[in-house]
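**Q** One structure, pasted below without further comment.
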Amino acid sequence: MTIKLIATDMDGTLLRDDRTFDYARMEDLLDQLDEKGIRFVAASGNQYKQLRSYFEPVNPDRITYVSDNGALITHNNEVLAESSLSRDQIARVMQWNSETHANMDNLIILSGNDGAYVSNHATPEMIAAVKTFYPTVHQVEKFMDVDDNIFRFSLVWDPSVDVHEHVQQLREVFGEELHTTGSGFGSVDILAPGVNKRTGLEQLAAKWDIKPEEMAAFGDNGNDLEMLRYVKYPFVMPNAEDFMKVRVQNLAVNDNNHNGVLDTIEALLAGAYDDETVFDK
């Protein structure tokens, strides 16, 4: 087994429910990966600045970031690639949402270079919830007046809502024109066409001359599927929903609250998965 790159989702995967991880173990693991020449990638729907903040205790410059579900790729604080939505695409999704959800049962969040944008009609409770995921939040009167590169258009329902139906509706309306995915916590993310975590890894693979057969990845939700299907060694978290476990057979050693990603990477490095037939399912 030769692994040259390990990618992990964050929420529900590397992060515990309190949005932390074992910093001492991670630092030690990063040292081991450096010694072996293995790249470590955080691949998440989170914004770049938010992702960096999670790794402050272990030096965020040691990590490569695929943020906004693949729309922005950053290494050593340098942007390697970015894919933003056009104003027309944003306007069309907004029109669809106003026609389909006229009762305003969801919250619109635009994720851009300079922060997140929400309506100035959002309640203080909504803003507080948004700030747990976005370091900088701007309230605006009109979304179309926002002057920023918008990487991701998110529609957010109550976390108890099953968003699969909404994802399907958007895919039926926009087809290949946009990429739509569920990303947990009641969120549906809309990105430029062909943008996902897999395409983020593909661009890193081309830059570093790494094959998918030399990659491992961890995830727990629908926005991880393309990435998990791309790599040779995919792991889904035990805490993931059942639809993920049907699509990816290999479970991480433990769930997100019990260091599942760290435990599994250590097992990989120790040779526990050298019998590669388990990944041929």
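**Q** Please determine whether any residue of segment 160-178 is of a type in the set (Val, Ile, Thr) and over 22 Å from MET244 (Cα atoms).
**A** Taking segment 160-178 first, the residues of a type in the set (Val, Ile, Thr) are 161, 163, 167, 173.
This time we only want the ones that are over 22 Å from MET244 (Cα atoms), so: 173.
The answer is yes, given that some residue of segment 160-178 is of a type in the set (Val, Ile, Thr) and over 22 Å from MET244 (Cα atoms).
**Q** Give the residues of segment 105-133 that are touching an Asp or Glu at 6+ places or on another chain (Cβ under 7 Å) and touching a residue at least 60 places away in the same chain (Cβ under 8 Å), sorted by residue number. Show your work before the answer.
**A** Filtering segment 105-133 for residues touching an Asp or Glu at 6+ places or on another chain (Cβ under 7 Å) gives 111-114, 120.
SER111, the sole residue that qualifies.
**Q** Across segment 238-262, what is the total count of residues that are surrounded by fewer than 15 Cβ atoms within 10 Å (Cβ to Cβ), closer than 20 Å to ASP22 by Cα and free of Cβ contacts under 8 Å to residues at least 40 places away in the same chain?
**A** Total satisfying the criteria: 1.
**Q** Right, next: With touching a residue at least 60 places away in the same chain (Cβ under 8 Å) and in a strand (DSSP E or B) as the only criterion, which of THR199, THR181 stands out? Let's see the steps before the verdict.
**A** Numbers: THR199 fails: in a strand (DSSP E or B).
Criteria check complete, one pass: THR181.
**Q** Follow-up. If you scan segment 6-25, which residues turn out to be outside any loop (DSSP other than H, G, I, E, B) and not basic (Lys, Arg)?
**A** So in segment 6-25, the residues outside any loop (DSSP other than H, G, I, E, B) come out as 6-8, 10-14, 23-25.
Of everything in segment 6-25, those that are outside any loop (DSSP other than H, G, I, E, B) and not basic (Lys, Arg) turn out to be ILE6, ALA7, THR8, MET10, ASP11, GLY12, THR13, LEU14, TYR23, ALA24.
**Q** When residues of segment 245-263 are filtered for being closer than 24 Å to ARG39 by Cβ and not β-branched (Val, Ile, Thr), how many remain?
**A** Initial filter on segment 245-263 (closer than 24 Å to ARG39 by Cβ): 248, 250-254, 256, 259-263.
Then keep just the ones that are not β-branched (Val, Ile, Thr); that gives 250-252, 254, 256, 259-260, 262-263.
Number of matching residues: 9.
**Q** Could you tell me whether VAL231 is closer than 22 Å to GLU276 by Cβ, among the β-branched types (Val, Ile, Thr) and surrounded by fewer than 22 Cβ atoms within 10 Å (Cβ to Cβ)?
**A** On the way: closer than 22 Å to GLU276 by Cβ: yes; among the β-branched types (Val, Ile, Thr): yes; surrounded by fewer than 22 Cβ atoms within 10 Å (Cβ to Cβ): no.
Spelling it out, it is not the case that VAL231 is closer than 22 Å to GLU276 by Cβ, among the β-branched types (Val, Ile, Thr) and surrounded by fewer than 22 Cβ atoms within 10 Å (Cβ to Cβ).
**Q** Give ASN196, ASN239, ASN257 a once-over and let me know the one that is at pLDDT 95 or above and more than 26 Å from ARG25 (Cα to Cα). Lay out the reasoning, then the answer.
**A** Numbers: ASN239 fails: more than 26 Å from ARG25 (Cα to Cα); ASN257 fails: more than 26 Å from ARG25 (Cα to Cα).
None of the other options fit; the residue is ASN196.
**Q** Out of segment 40-49, which residues are over 17 Å from GLY260 (Cβ atoms) and surrounded by fewer than 21 Cβ atoms within 10 Å (Cβ to Cβ)?
**A** LYS49
**Q** Also: More than 14 Å from the chain's Cα centre (by Cα) and among the aliphatic types (A, V, I, L, M): which single residue out of LEU14, LEU30 fits that description?
**A** Numbers: LEU14 fails: more than 14 Å from the chain's Cα centre (by Cα).
Criteria check complete, one pass: LEU30.
**Q** Check whether at least one residue in segment 150-170 is under 15 Å from the mean Cα position of the chain (by Cα) and on the phi > 0 side of the Ramachandran plot, and report yes or no.
**A** no
**Q** Please state which one of SER84, SER53 is outside any helix (DSSP H, G or I), at pLDDT 95 or above, more than 14 Å from the chain's Cα centre (by Cα) and hydroxyl-bearing (Ser, Thr, Tyr). If you could, list the steps in order and put the result at the bottom.
**A** On the way: SER53 fails: outside any helix (DSSP H, G or I).
SER84 is the lone residue from the list that is outside any helix (DSSP H, G or I), at pLDDT 95 or above, more than 14 Å from the chain's Cα centre (by Cα) and hydroxyl-bearing (Ser, Thr, Tyr).
**Q** In segment 141-176, how many are in contact (Cβ under 8 Å) with a residue 12 or more places away in the chain and either outside the structural domain of ASP105 (by TED's automatic domain parsing) or surrounded by 14 or more Cβ atoms within 10 Å (Cβ to Cβ) (or both)? Steps first, please.
**A** Initial filter on segment 141-176 (in contact (Cβ under 8 Å) with a residue 12 or more places away in the chain): 141, 143-144, 146, 148-161, 163-164, 166-167, 169-170, 173-174, 176.
Adding the requirement that they be either outside the structural domain of ASP105 (by TED's automatic domain parsing) or surrounded by 14 or more Cβ atoms within 10 Å (Cβ to Cβ) (or both) leaves 143, 146, 148-157, 161, 163, 166-167, 169-170, 173-174.
The total comes to 20.
**Q** A further question on this structure: What residue, among those in segment 177-203 that are out of contact with any helix residue (DSSP H, G or I) (no Cβ under 8 Å at 6 or more places or on another chain) and within 21 Å of THR13 (Cα to Cα), is surrounded by the most Cβ atoms within 10 Å (Cβ to Cβ)?
**A** Among residues in segment 177-203 that are out of contact with any helix residue (DSSP H, G or I) (no Cβ under 8 Å at 6 or more places or on another chain) and within 21 Å of THR13 (Cα to Cα), the one surrounded by the most Cβ atoms within 10 Å (Cβ to Cβ) is SER187.
**Q** Determine, yes or no, whether VAL93 is surrounded by fewer than 19 Cβ atoms within 10 Å (Cβ to Cβ) and more than 16 Å from the chain's Cα centre (by Cα). Steps first, please.
**A** Values: surrounded by fewer than 19 Cβ atoms within 10 Å (Cβ to Cβ): no; more than 16 Å from the chain's Cα centre (by Cα): yes.
Criteria not met by VAL93.
**Q** On the given criteria, is GLU99 within 26 Å of THR20 (Cα to Cα), outside any loop (DSSP other than H, G, I, E, B) and not β-branched (Val, Ile, Thr)?
**A** On the way: within 26 Å of THR20 (Cα to Cα): no; outside any loop (DSSP other than H, G, I, E, B): yes; not β-branched (Val, Ile, Thr): yes.
So GLU99 fails the test.
**Q** Which number in (1) farther than 21 Å from GLY219 by Cβ; (2) part of a strand (DSSP E or B) marks the one condition that VAL41 misses?
**A** (1) is the only condition that VAL41 fails.
**Q** Further, regarding this structure: Could you grab me the full set of residues in segment 22-38 that are touching a residue at least 60 places away in the same chain (Cβ under 8 Å) and surrounded by 21 or more Cβ atoms within 10 Å (Cβ to Cβ)?
**A** Within segment 22-38, just MET26 meets the criteria.
The values are calculated or read from the model by the stated rules, or taken from the named source; none is laboratory data. A quick note: this is a predicted structure, and the numbers were derived from the prediction, not measured. Counting neighbours? That spans all protein chains shown, and the Cβs are built from the backbone with ideal geometry, glycine included.
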